[in-house]
Structure formats: C-alpha cells, structure tokens
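Bear in mind these aren't lab numbers, they're just calculated from the coordinates by the rules spelled out. Bear in mind that the values here come from a model prediction, so they are computed numbers and not experimental data. All Cβ positions, even for glycine, are placed from backbone atoms using ideal geometry, and neighbour counts span all protein chains on display.
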Amino acid sequence: NRCPHTGAPLDWSPDQFLDAEGRFIICAMHGALFEIESGRCIYGPCVNQSLERLPVRLERGRLLLNKG
C-alpha cells in the first residue's frame, strides 16, 4: 500500500484502491493510475515505475499476505 513516487498510502478510503470504473489502482495523493495485473504506473508522476509485488495466498475465501 505504497506509491512508488512518495511512499504515500494508495487507498483513498480504508481498503479502497480502485478508480470509479474498477479498472485501475489509483493513488489517493497524486491520482497516479496503476495497471491491476502488472502494477505498472500508466499515468501520474511515477509513469513506468511499478508497485511492489507481495506474495499472497487465498485461504478460505480470504486473501492473505505470506510472511517472509
């Protein structure tokens, strides 16, 4: 949950990360748009930078972050 531009949280409201159409992840601070599949910034001050990918797993219908 960090923008590569400033390290600011991406969510504009708790656990809200997507634009109005649900097509892109949007940074609450500068409005940068990121592709959901790749995490690559396609608009904003960090164009062509990417979000940090974290390992996750689906367990009993919940998405969980893998430790270490």
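Only four residue types carry charge here, +1 at the Cβ of Lys and Arg and -1 at the Cβ of Asp and Glu. Report the dipole size of the chain about the Cα centre in Debye, rounded to the nearest 20.
Details: 8 positive and 8 negative charges, 66 e Å.
With only Lys, Arg, Asp and Glu charged at Cβ, the dipole is about 320 debye.
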Relative contact order of the chain: what whole-number percent is it, with Cα pairs under 8 angstrom and at least 6 residues apart?
20
Counting only residues 5 or more apart in sequence or on a different chain, those whose built amide H sits under 5 Å from that of Phe24 are Asp19
Quick note, the chain: a/c under 1.5 would make it rounded; otherwise a/b > b/c is prolate and the rest oblate (a ≥ b ≥ c, C-alpha gyration tensor); here it is prolate
